[in-house]
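Step one of this worksheet: look at the structure below.
Nothing in this text is a laboratory measurement; each read-out follows from the coordinates by a stated rule. Quantities reported herein were computed from a predicted structural model and do not represent experimental measurements. No Cβ is skipped: glycine too gets one built from the backbone with ideal geometry, and neighbour counts run over all protein chains shown.
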Amino acid sequence: MTTTAPAPVRRARPALPRARGPLSAAVLDLLRGGAAPAVGATGADPFGEDLQLALYVCYELHYRGFAGVDDELEWSPELLAFRRSLESVFLAALRGAVPGGDDVAAEIASLVTEVPGERGVSHHLRRRGEPWQFREYIALRSAYHLKEADPQAWVIPRLDGHAKAALVSVEHDEYGAGRGELMHARLFGDMMLELGLSDEYGAYLDASPAQVLAEVNFMSLAGLHRSLRGALVGQFAVVELTSSPGSARLVAAAQRLGLGPATVGFYAEHVEADAVHEQVVRHGIIAPLVAEDPAMAADVVFGMQAATLLDDRLGEHVMAAWGEGRSALVRELPPAP
Amino acid sequence: MSPERAQRVVVTGDGPVLVEGPVEIDLPDGTRVLSQRPVTALCVCRRSARYPICDTSHRTRKKTEESS
């Protein structure tokens, strides 16, 4: 294979999304130079479109920002106070929806047990998924994969010793081990282009349902709050422990559908990489973290359970929509070129 | 890598053997597999569909009535 160094591309920052209710409208208004939000988050649906989009937009200021929005608004006291009220509603709902506990070993055991015949998006795509469904799945996943490893990078300075060194080794791998063209976010972008999708950061924000936004919001929430560092590690563990078998099913799906090398390659890479990451997360990150501070166990378990809950909610949403022959996106994708 | 730093090989016990890479793996049938990763997970249970690279096939599989 011959490759040439890509010319540097100046990318436009993402456009602000469309509001989905009073909370997201208030945040967007503030970002456009308006006054502090007059609405409150109390009583809002914690997993609903409006609250999740409002929270997502608040967090994006810490990642890439938006076109036409002042970068300094990242630290606007009005915006941070509003974000805090959104986070409180979301976090309380998550804590109320999971069983909790502090048995890390039992949580890990349930995550790494494969149930044959299990239902789920990757199982469906492997068996009988259609090309349009595969494209939708990739568009849905782009909210995370185009910033793959970024939310987890926030936790690095909050860890120490073996756990820190091990987490950085996994992050290093996610970031292409020093090679920009091999960053997992870049490999995902290459797959999007191969599938006729836009690889621009934020291109599918308006199309992303609340279930997608909630998953990424939980990573940002746990990443940005030091008090939730254990939960962030638990969330990270869920991604790394469940990725290999799911990725193997997506390799099979892509091959069955006759999709291209970037698509097969992205998931094949994750089969092997995450088999390593699983071991590093279990023995290199979680074990020393909990050994050093046993109080972390309950936080790690919470992070695992919350991440699993949000992943299940997304899966149920997608399978319900596809089961009725409709798009799982807020707005249907244009047909493949 | 400094010459004083030994390669680390981690035997996980319930999973693969982790080897600091990049590594070349010579198999008994004469084939050679190259892994460029910083750490390679070598399959030792022989169940991997990507043998000699681990694909997590060593995991416990729960029995259910439904078959895929």
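Okay, here's what the table says:
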| quantity | calculated |
| --- | --- |
| For chain A, built as a Gaussian network whose Cα springs stay under 10 Å, the top-fluctuating residue of A:S24, A:S169, A:S208 | A:S169 |
| Calculated FRET value between A:E114 and A:A67, using beta carbons and R₀ = 45 Å, to 0.05 | 0.55 |
| Listed residues A:S198, A:P131, A:P151: farthest to the positive end of the dipole of region A:106-219 (Cβ charges) | A:P131 |
| Gaussian network model of chain A, Cα within-10 Å springs - most flexible of A:P14, A:P245, A:P77 | A:P77 |
| Alpha-carbon centroid distance for the pair region A:57-100 / region A:294-337, whole angstrom | 20 Å |
| Over chain A, relative contact order from alpha-carbon pairs under 8 Å, at least 6 apart, % | 23 percent |
| Percentage relative contact order, region A:22-97, counting C-alpha pairs under 8 Å, at least six apart | 36 percent |
| Choice from B:T40, B:T31, B:T12 with maximal GNM fluctuation in chain B (Cα, 10 Å cutoff) | B:T31 |
| Pairwise centroid distance, computed over Cα atoms, of region A:244-285 with region A:130-180, Å | 13 Å |
| Point-to-point label distance, B:E4-A:A92, nm (Cα→Cβ direction, 7 Å offset) | 5.7 nm |
| Average beta carbon contacts from partner chains per residue of B:49-57, 10 Å cutoff | 6 |
| Proximal charge balance of A:G21 [Cβ under 13 Å; K/R count +1, D/E count -1] | -2 |
| Burial ranking of peptide ranges A:308-320, A:184-196 (average Cβ count within 10 Å, highest at the top) | A:184-196, A:308-320 |
| Fully extended contour minus Cα-Cα distance, from A:D160 to A:D29, at 0.36 nm per residue | 43.2 nm |
| Inter-chain Cβ neighbour average for residues A:238-249, partner chain, 10 Å | 2 |
| Distance in nm between pseudo-label sites at A:A81 and B:D14 (7 Å out along the Cβ direction from Cα) | 4.9 nm |
| Neighbourhood charge, 11 Å Cβ-Cβ cut-off, centred on A:A253 and excluding it, Lys, Arg +1 and Asp, Glu -1 | +4 |
| Within 10 Å of each Cβ in A:273-282, the average number of Cβ atoms from other chains | 6 |
| Solution diffusion estimate, µm²/s, Stokes-Einstein, region A:182-337, Kirkwood Rh from C-alpha pairs, 20 °C, viscosity 1.002 mPa s | 124 µm²/s |
| Residues A:H277, A:H62 arranged by fewest to most Cβ contacts within 10 Å | A:H62, A:H277 |
| Cut-off 14 Å between beta-carbons: net charge of the residues surrounding A:S327, Lys and Arg +1, Asp and Glu -1 | -2 |
| Fewest-first sequence of B:C45, B:C54, A:C58 by Cβ atoms within 10 Å of each Cβ | B:C45, A:C58, B:C54 |
| Pairwise label distance in nanometres, A:A15 with A:R127, each label 7 Å out on the Cα-Cβ vector | 4.0 nm |
| Residues A:M183, A:M219, sorted so that the one with the fewest Cβ neighbours within 10 Å comes first | A:M183, A:M219 |
